[in-house]
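Asks: Here you go, one structure.
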Amino acid sequence: MSPINIAIVGVGKIVRDQHLPAIAANSDYKLIAAASRHGVVDGIDNFKSIEAMLEAVPAIDAVSLCMPPQYRYAAAHTALQAGKHVFLEKPPGATLSEVADLQALADSKGLSLFASWHSRYAPAVEEAKAFLASTKINSVQVIWKEDVRHWHPNQEWIWAAGGLGVFDPGINALSIVTHILPKQLFITAATLEFPENRDAPIAASITFRDADALPVSAEFDWRQTGHQSWDIIAETDAGRMVLAEGGAKLSINGELRKDTPEREYPALYERFAEIVKAGKSDVDLAPLRHVADAFMLGKRKFVEAFHD
Ligand code: NAP
């Protein structure tokens, strides 16, 4: 089968860090164009808008949409209408309903839509899932604390409505938790802390349960300096499981079981090629649904203004 002619839209940090190297290393793809208002990718045709790109380059089979979530729906709708398969960066959109609409459009046109969740492809996630399936889980604690000034300097979109604030990293934890736990969770209480000058939260504290009343808690905080935490800890009948460093390392009762280099984006592009070849979509909205529920059920606290 000939390679998938792919184009990138929204050339920024994650495109340079991850998408370009992952596509270049995968013979299932040929990168043939990019569309971005300012960013450019060397060695291919570049356009200022997705509309101009799709008109000028009919050979495009698929697009990866890597702009902030508030602008993803319009680009995805345009691409699907033009008959292209679509890879959505996480989060797949700014609302649940707009992604459902894209899914319906993709289905009606026989195109593949991929709501990518890169953290689900972290190296130790599948082993954590298998461990949890082998025992009784008694509680789960998620601690996702990082320094927003270090990881998101000058990203104004992330603080705007629809940018999700601390849920931008927090949704990565939720994408793992919803994948590794055996039963569906739902939120029972949440507190969201909003800087008084911003429209998105800087911290969130959430409790969940499942049908068996499994206690699950999550602490998301963007004010963490020094040691950064991206950990999921489960107390089980077989001992304490720690899935650390965003899903990269797994320990059971203090014994390191998995610590291999991450290849999240190569795995995402393998999955996208697989669904395109199989003529299907992969859209799991569970992580985004929990974020929506947190905004719906959560108490709001206003905290000190945030300045970069
Ligand atoms: P970014 O660099 O701030 O934005 C990506 C590009 O989107 C920008 O360079 C910009 O390109 C375009 N863009 C910005 N505002 C736009 C607007 N109003 N309308 C249309 N295009 C706009 O962000 P990023 O860090 O790459 O993140 C992009 C997405 O990837 C987010 O959903 C994020 O959650 C996800 N992601 C990021 C990371 C990470 O480590 N940064 C990791 C995993 C996933 P032009 O100005 O050239 O149009």
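Asks: So which of LYS48/LYS145; LYS13/LYS48; LYS183/LYS249; LYS13/LYS280; LYS90/LYS145 end up more than 26 Å apart, counting from Cα to Cα?
Replies: From LYS48/LYS145; LYS13/LYS48; LYS183/LYS249; LYS13/LYS280; LYS90/LYS145, over 26 Å: LYS48/LYS145; LYS13/LYS280.
Asks: Taking a label point 7 Å from the Cα of GLU51 along the Cα→Cβ vector, which residues of the stretch 71-97 have an amide N closer than 17 Å to it?
Replies: Answer for the stretch 71-97: 71-83.
Asks: For the stretch 41-110, report the accessible area per residue in Å² (1.4 Å probe, heavy atoms, rounded to an integer). Intermediate results must be reported in sequence, preceding the final value.
Replies: Numbers: 2920 Å² over 70 residues.
Computed with neighbouring chains in place, this is 42 Å² per residue.
Asks: Sticking with this one: Report for the chain the percent antiparallel among DSSP-assigned beta bridges with both residues inside it, nearest 5. Intermediate results must be reported in sequence, preceding the final value.
Replies: Details: 35 of 67 bridges.
Bridges in the chain that DSSP calls antiparallel: roughly 50 percent.
Asks: Would you mind pulling out the separation of the Cα centroids of the stretch 184-222 and the stretch 74-130, in Å?
Replies: 24 Å
Asks: While we're looking at this one, here's another question. Considering the dipole of the stretch 4-115 built from charges on the beta carbon (Lys and Arg +1, Asp and Glu -1) around the Cα centre, which of VAL15, ALA56, ALA79 is farthest to its positive end?
Replies: VAL15
Asks: Sticking with this structure for a sec: Tell me which of GLY110, VAL283, HIS307 sits at the most positive position along the dipole axis of the chain, charges placed on C-beta atoms (Lys, Arg +1; Asp, Glu -1).
Replies: Positive-end residue among those listed: GLY110.
Asks: Once the Cα gyration tensor of the chain is diagonalised, what are the square roots of 5 times its eigenvalues, in whole Å and ordered largest first, as equivalent ellipsoid semi-axes? Write out the running numbers ahead of the final one.
Replies: Values: eigenvalues 211, 105, 67 Å².
Its equivalent ellipsoid spans semi-axes of 33, 23, 18 Å.
Asks: Taking the mean number of other Cβ atoms within 10 Å as a proxy for protection, how do you rank 141-147, 93-99, 52-58, 120-126 from highest to lowest? It would help to have the intermediate numbers written out before the result.
Replies: Numbers: 141-147: 19.9, 93-99: 18.0, 52-58: 15.3, 120-126: 22.3.
Packing order, densest peptide first, comes out as 120-126, 141-147, 93-99, 52-58.
Asks: Once phi is turned into ³J(HN,Hα) by the Karplus curve 6.51 cos²θ - 1.76 cosθ + 1.60 with θ = phi - 60°, what whole-Hz value does each residue of the stretch 51-57 show in order, with x for glycine and proline?
Replies: Running phi through 6.51 cos²θ - 1.76 cosθ + 1.60 with θ = phi - 60° gives 4, 5, 5, 5, 6, 7, 10 Hz.
Asks: Just from its helices, what would the mean residue ellipticity at 222 nm be for the chain, if runs of 4 or more DSSP H residues each count -39500 (n - 2.57) and the sum is divided by every residue, rounded to the nearest 500 deg cm²/dmol? Could the numbers behind the result be given before it?
Replies: Working: 9 runs with 90 residues, N = 308.
After summing the helix terms and dividing by residue count, I get -8500 deg cm²/dmol.
The values are calculated or read from the model by the stated rules, or taken from the named source; none is laboratory data. Quick caveat: nothing in here was measured; it's all calculated off a predicted structure. Virtual Cβ from ideal backbone geometry, glycine too; neighbours counted across all protein chains shown. These accessible areas exclude ligands, DNA and RNA; they are computed on the full protein's heavy atoms, side chains included. Shrake-Rupley method; radii C 1.70, N 1.55, O 1.52, S 1.80 Å.
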